[in-house]
Amino acid sequence: MNIRNGRTASLLAAGAVATFFSALTPSMAFAASDASAATDPLRQYAQQKPRWQRCDAGSPATFQCATLKVPLDYNDPGGKKIGIAVSRLKASSAKERRGVLLLNPGGPGGPGLNMPVIPELTFPEEVKRQYDLIGFDPRGVGQSSPVSCGLTDEEKNDERPYKAETFAKDVEWARTVADRCWTKGVGDTLRHLTTRNTARDMDVIRAVLGERKISYLGFSYGTYLGAVYTQLFPQRTDRFVLDSATDPAGIWRGMFQEMAEGAEPAITRWSEWTAQRSTTYNLGNTPAEVRETLWKLIAQADRTPIDSGGGPLTGDDIRAELRTEFFRVQTAAERVAELKKAAEDKKSAPSGTPEGAPGPVPSAFARDVPSDNDAASAWAVLCADTRTWPRDPEQYRRDAIRDKARYPLYGDFASNIKPCAFWKQGSEPTTTVNNKVDALILQNQWDPQTPLAGAQGMHRALHGSRMVVVAGGEGHIVYGSNSCADKSLTDYLTTGRLPAKDLTCRASAGQ
């Protein structure tokens, strides 16, 4: 059941305020229960009337945008306010309309305002008949009060492998990024750029749109955002789909380390596949020979960078790039063969292009965004979401040395020092996700960004969830790749029925 936009504002405000307070501190929740409707401090947000306008001249006229106000600090709802940019594409059938489907592309730091109209996200007609598709830029991102730390291109570079001779420089980089973000006048703002507060913003969106519940589709980091919403607002959760899920118990340092761990079996699979095609790629006749070719190439690039047409690459550059490539065996074999040829004859060749999650295109709505907004907003969430980041640089050194030995391709990148070592604490501790809310989790077997083990961790945390694994599925993001999991998503969104049990299906040809 949902509350249509025509229902009265008083009903909307009463339900919304109670819900908001249920996700705040216990003392705030107690205060709310004794407050009269006239003094509810969050009533003003629930009763906003958005001023919808066309988002972009290049998009359909029915694609509309508006800006909502939310409190920067939900424990101080009468204090500073920030803007949240929201978009909508209304359901095509008023008769069949069920409610709203909020969309998030991942990140953190990923803008989602244009999600309802991006070409990569094509819903079947039965979904578009039932749902208003709702996009939004999370707080601090894109058109939603974007933050900036004034970072240079070099300071934005976070692919930093551990080396004893450069560790002091890496520590200084991490300290500089943290200090610069705090001293740019946004320190207090950064404390509140957390996943918990973005989930609360989603509930403001729900209230303003007049809905008792929301449905949701989140990719990558968006799966964690969706899971946090289910924890804070279980009674407001309708049909939730989490595509390429993170393990909520590993937020956030554990997620980086999980990427490094997951790369090693991917390399094993790739070397076996490539050895079977030695006449095609000429990288070795056995898996051991293929791996030896790879590591010799990396060592050579460390001595003399290799240029295959996209600029010179060191061995560390190649390691960072190939971490994602190895999860697509053919792509990786072609790329390594290309680099090998460039190293041998020093001739240019086209460079590879890393894959990514569905990405929104720029919108003409609102204003320009700072060039470092993606990095600044990402670090804010990564560092403020949890208080478990080590504070001692030597801990990072020890972990990087250990993990480089365990996971040679990427272990030192994952465990090396990050700005979070020097970040001031966020406004709240980490959210523990542990509930029985229904959800559908979609996962490729070979995902470089959110490995299968992370999705299994999400499945354990959401006891009411069902999981669909695409066996042999390669790459990050499942839905929209014409995989066997697409039908499960469509069935769940349109009928509300989860699969009776967890499913494993084979990847389609060419996926």
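The values are calculated or read from the model by the stated rules, or taken from the named source; none is laboratory data. This structure is a prediction, so every number in the text was calculated from the model and none was measured. Please note: Cβ atoms are built from the backbone with ideal geometry, for glycine as well, and neighbour counts cover all protein chains shown.
For segment 244-254, the criterion of being at pLDDT 95 or above, among the basic types (Lys, Arg) and surrounded by fewer than 19 Cβ atoms within 10 Å (Cβ to Cβ) is met by none of the residues. Going by what's in this entry, would Arg398 be described as surrounded by fewer than 24 Cβ atoms within 10 Å (Cβ to Cβ) and within 24 Å of Glu155 (Cβ to Cβ)? No; evaluated as a whole, the condition is false for this residue.
The sole residue among Arg200, Arg212 that is basic (Lys, Arg) and surrounded by fewer than 22 Cβ atoms within 10 Å (Cβ to Cβ) is Arg212.
Annotation for segment 105-126: no member residue is free of Cβ contacts under 8 Å to residues at least 40 places away in the same chain and either touching a Ser or Thr at 6+ places or on another chain (Cβ under 6 Å) or among the polar types (S, T, N, Q) (or both). Just a yes or no: is a residue in segment 447-467 surrounded by fewer than 24 Cβ atoms within 10 Å (Cβ to Cβ), polar (S, T, N, Q) and either in the same structural domain as Met259 (by TED's automatic domain parsing) or at pLDDT below 95 (or both)? Looking through segment 447-467, none of the residues is surrounded by fewer than 24 Cβ atoms within 10 Å (Cβ to Cβ), polar (S, T, N, Q) and either in the same structural domain as Met259 (by TED's automatic domain parsing) or at pLDDT below 95 (or both). Surrounded by 20 or more Cβ atoms within 10 Å (Cβ to Cβ) and assigned to a strand (DSSP E or B), is that true of Arg88? Answer is yes for this residue. Evaluate the following for Ala168: is it crowded, with 16+ Cβ neighbours inside 10 Å and either part of a helix (DSSP H, G or I) or in contact with a Cys (Cβ under 7 Å, 6 or more places away or on another chain) (or both)? So Ala168 does not fit the description; no.
Being in contact with a strand residue (DSSP E or B) (Cβ under 9 Å, 6 or more places away or on another chain), in contact (Cβ under 8 Å) with a residue 60 or more places away in the chain, more than 14 Å from Ala46 (Cβ to Cβ) and assigned to a helix (DSSP H, G or I), is that true of even one residue in segment 206-217? Checked against the condition, which is being in contact with a strand residue (DSSP E or B) (Cβ under 9 Å, 6 or more places away or on another chain), in contact (Cβ under 8 Å) with a residue 60 or more places away in the chain, more than 14 Å from Ala46 (Cβ to Cβ) and assigned to a helix (DSSP H, G or I), segment 206-217 yields no hits at all. Do you know which residues across segment 363-405 are more than 21 Å from Thr198 (Cα to Cα) and touching a strand residue (DSSP E or B) at 6+ places or on another chain (Cβ under 7 Å)? Residues satisfying the conditions do not exist here. Considered as a group, the residues in segment 35-73 that are among the hydroxyl-bearing types (Ser, Thr, Tyr) and loosely packed, with under 15 Cβ neighbours inside 10 Å include one that is modelled with the highest pLDDT, and that residue is Thr62. Among the residues of segment 111-143, those identified as over 18 Å from Thr194 (Cα atoms), surrounded by 24 or more Cβ atoms within 10 Å (Cβ to Cβ) and under 19 Å from the mean Cα position of the chain (by Cα) are Leu113, Asn114, Met115, Pro116, Ile134, Gly135. Look through segment 474-511, keep the residues that are modelled with pLDDT of 95 or more, part of a strand (DSSP E or B) and not aliphatic (A, V, I, L, M), and return whichever of them is nearest to the chain's Cα centre (by Cα). The qualifying residue nearest to the chain's Cα centre (by Cα) is Glu474. Does Ala378 count as in contact (Cβ under 8 Å) with a residue 60 or more places away in the chain, crowded, with 23+ Cβ neighbours inside 10 Å and of a type in the set (A, V, I, L, M)? Answer is no for this residue. Count of segment 246-279 residues, restricted to those that are free of Cβ contacts under 8 Å to residues at least 24 places away in the same chain and over 30 Å from Gly226 (Cβ atoms), is 7.
From the list Gly464, Gly473, Gly426, the one residue that fits, being farther than 25 Å from Arg98 by Cβ and free of Cβ contacts under 8 Å to residues at least 40 places away in the same chain, is Gly473.
Taking the conditions exactly as written (hydrophobic (A, V, I, L, M, F, W, C), at pLDDT 95 or above and part of a loop (DSSP other than H, G, I, E, B)), does Leu113 satisfy them or not? Criteria met by Leu113. Scanning segment 289-318 for residues being within 17 Å of Val329 (Cβ to Cβ) and more than 35 Å from the chain's Cα centre (by Cα) gives a total of 1. Hey, among the residues in segment 255-265 that are of a type in the set (D, E, K, R) and under 12 Å from Ser415 (Cβ atoms), which one's surrounded by the most Cβ atoms within 10 Å (Cβ to Cβ)? In this case the residue turns out to be Glu258. Selection of first residues in segment 52-77 that are over 14 Å from Leu133 (Cα atoms) and without any contact (Cβ under 8 Å) to a residue 12 or more places away in the chain and of second residues that are of a type in the set (Phe, Trp, Tyr) and crowded, with 21+ Cβ neighbours inside 10 Å, restricted to Cβ pairs under 9 Å at least 6 apart or on distinct chains, gives the following pairs, ordered by first then second residue: Arg54/Phe63; Arg54/Phe365.
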